[in-house]
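The values are calculated or read from the model by the stated rules, or taken from the named source; none is laboratory data. Just so we're clear, the structure is a prediction, and the values are computed from it rather than from any experiment. All Cβ positions, even for glycine, are placed from backbone atoms using ideal geometry, and neighbour counts span all protein chains on display. Calculation scope for accessible area: heavy atoms of the full protein, side chains included, ligands and nucleic acids excluded. Shrake-Rupley method; radii C 1.70, N 1.55, O 1.52, S 1.80 Å.
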Amino acid sequence: MGNPHNKKSNKKKCKEPGKKNKRTQEKEHVSGVLDYGISEVQKGDVVRKQKFYEDFVDFYEGAGLGPIQQRIFCTTVPDKVLADYEQTFKTIGKITKEMVDFRKYEVYVMLYPTLAIAYLQMVWSGKLQRAISFVGRNKHELDDSYKRRIEKLKLIRKPLDVPQRALELLSGADKVKFCMLTSTFNQFKELECQLSPSGHLKRFLDHFEILTYADDKIPQEQTLRDRPLPAPFAWASRDVIPDCPFNRKNLPSLILNNAMPSPNDDVTCATFSADHCTVAFGTSSGRVHVVAVNKDWQDVNSLRRETLISAHQKPVLACAFSPGDSHLLTSSADRTMRLWCTRTALCKTVYVHHGAICLAFAPRGCHFATASNDNVARVWGVDSTEPLFEFSGHLARLEICLFHPNGEYLATGSADATVRIWDYDTRAQMRLFRGHRAPIKALAYSVCGRFLVSGGRDDLIIVWDTTNERMLHCMIWHNAMIESIGFSHCNNLMVVWGKDCHLSTFDFQLLVRSPEMELSSTKAIIDQSLISTVQSPRNRIFLKSGFVDRNRLVAICKINS
């Protein structure tokens, strides 16, 4: 990919969603031949490395892990027992839906292995048609990321096709292990008693084992991947972390501005323009204030009102400036979104949304994404009143969405405590990140585009490497929910705002470049990377922040009423 800061590259026309560009065609061509392997594509003096991961081996495939004598105890079972397997799958599905939102995914990951074991047991018992019918009726309970695995499973059609590892699991000689928070396991057991009084889950325990860990334990990277990693991930620029001179004693100055709505009104959301010269904030009365930002004083300033838009009949949920700041998009509890011309303050388009609580424009401004409380992310064209396509897969409401700097991907954070990255061209889920224990409230891409940082109601800050779906660091420093995350222009500073009214500045170069940091404890990581912590003035709540340049950080606050 070209450098996103290159002015010539920004003049390209907006790409039609779904239209395959050269990168997508190349990716499909290579993956169609090699599936997952390793290749390098060289063009001129630029070498772009693409990692196509080794063919994924599912949990039931391969040779057995124990003595071969153990697998001779794998026997066929009658129809009554096969019915128990089917009921077990349905029960786990029901339990998943009844779990607390941020615990759903820990139970959901057990669905596919349960389906696979049931299918294999039916095939081994000579009931192929029943196995095919069972999968056909229930595959819709799993999201699209499982399609290839299900198709691969269905290639096993007779007992001789069943792998040795699968026989080991069917015989009970070994078990598939799942890790689960203690609190999640306790709720799981409670719901099991309510939804499965006949004890259908006994079949589940014949093949699976649930391991629990304390809720107060800092999440660790999961070394055993429970699903295949899709195609390679293209970053926004060549340089991961630019070699910019960095002096910890020369930190950016912080300029605070107060958002001042009308009397008896409350600020519900805020957003900066691209140049950070203007801020728009919505209120509970349905109004939107568009005001200039004071970037010259270090004392707390009150924003001067410039434009007042009576935008909606109910509270404003979210607002976002388009790239170039020519338009402002607002979303409201009245279930409409409106696109405003910032020069005339006139409404250009009205959209009917599905509970959009977050808005994000694509880098070129032709499209925007919405995160909704119906668990779906949607992509819209600015000139289209209907969504162009949807991303489905989350198990609970979406809290936030964010486009990758190169516009090729969309990241979403959900109340199901997962972060996912979706491919804008293929509509496929590219990455899934697990580690949070509460809804995701903040997302930020590093300037280079390789790293994604998330924050949630669990007070955790997690740095992810999108290349290999790795958790690089999990930090807890704030004593309240993480509100927002941002990066300096040089990509060497990361700022985090918490609802505890503190702003923390971290050395991002140190976090991602130092090999020693990967082996350090959470406390050591914070001790080494934390540069400073600033508390907001009394009775102030941070709403939004952004770097104006290398030396100035502007923040918008509201009075805590």
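Table for the structure above
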item: Rounded to whole Hz, the Karplus (6.51, -1.76, 1.60) HN-Hα couplings of region 118-124, x for glycine and proline; result: 4, 4, 5, 5, 5, 5, 4
item: Potential lengthening between residue 341 and residue 549 on full extension [0.36 nm per residue; Cα-Cα distance subtracted]; result: 72.2 nm
item: Heavy atoms of residue 205: accessible area, 1.4 Å probe, square angstrom to 10; result: 80
item: Filtered GluC sites (Glu not before Pro), region 374-448: DSSP coil and at most 10 other beta carbons within 10 Å; result: none
item: FRET efficiency estimate (nearest 0.05) - Cβ-Cβ, residue 392 to residue 174, R0 51 angstrom; result: 0.90
item: Sulfur and carbon atoms: percent of accessible area, region 303-381 [1.4 Å]; result: 50
item: In Hz, Karplus ³J(HN,Hα) per residue of region 100-108 (6.51, -1.76, 1.60; θ = phi - 60°; x = Gly, Pro); result: 4, 3, 7, 10, 4, 5, 4, 8, 4
item: Residue 61-residue 284 FRET efficiency (beta carbon distance; Förster radius 45 Å; 0.05 resolution); result: 0.25
item: Coil-residue trypsin sites (Lys or Arg not before Pro) of region 378-466, DSSP, other Cβ within 10 Å capped at 16; result: 427
item: Loop-resident sites, region 459-561, for trypsin sites (Lys or Arg not before Pro), counting at most 12 other Cβ within 10 Å (DSSP); result: 538
item: Sequence-distant residues sharing a close amide H with residue 293 (under 5 Å, placed H); result: 278, 279
item: Whole-number D in µm² s⁻¹ for region 473-561, Kirkwood Cα-pair radius fed into Stokes-Einstein, 4 °C, 1.567 mPa s; result: 94
item: Distant-in-sequence amide H partners of residue 399 (H built 1.01 Å from N, under 5 Å); result: 413, 414, 415
item: Difference of contour (0.36 nm per residue) and Cα-Cα distance, residue 193 to residue 479; result: 99.4 nm
item: Rh (Kirkwood; distinct C-alpha pairs) - region 110-222, Å; result: 15.7
item: Value of Rg to Rh for region 329-409 (Rh from inverse mean 1/r over Cα pairs, i.e. Kirkwood); result: 0.96
item: Long-range amide H partners of residue 540 with built H, under 5 Å; result: 560
item: Probe 1.4 Å, all protein chains present, accessible-area order of 342, 278, largest first; result: 342, 278
item: At R0 = 51 Å, FRET efficiency that the Cβ-Cβ distance of residue 350 and residue 75 yields, to 0.05; result: 0.20
item: Where 178, 73 fall by accessible area, highest first, once all protein chains stay in place (1.4 Å); result: 73, 178
item: Entries of 499/523; 94/139; 90/152 with Cα pairs more than 18 Å apart; result: 499/523; 90/152
item: Percentage, to the nearest whole number, of Cα pairs in region 366-499 over 26 Å apart; result: 18
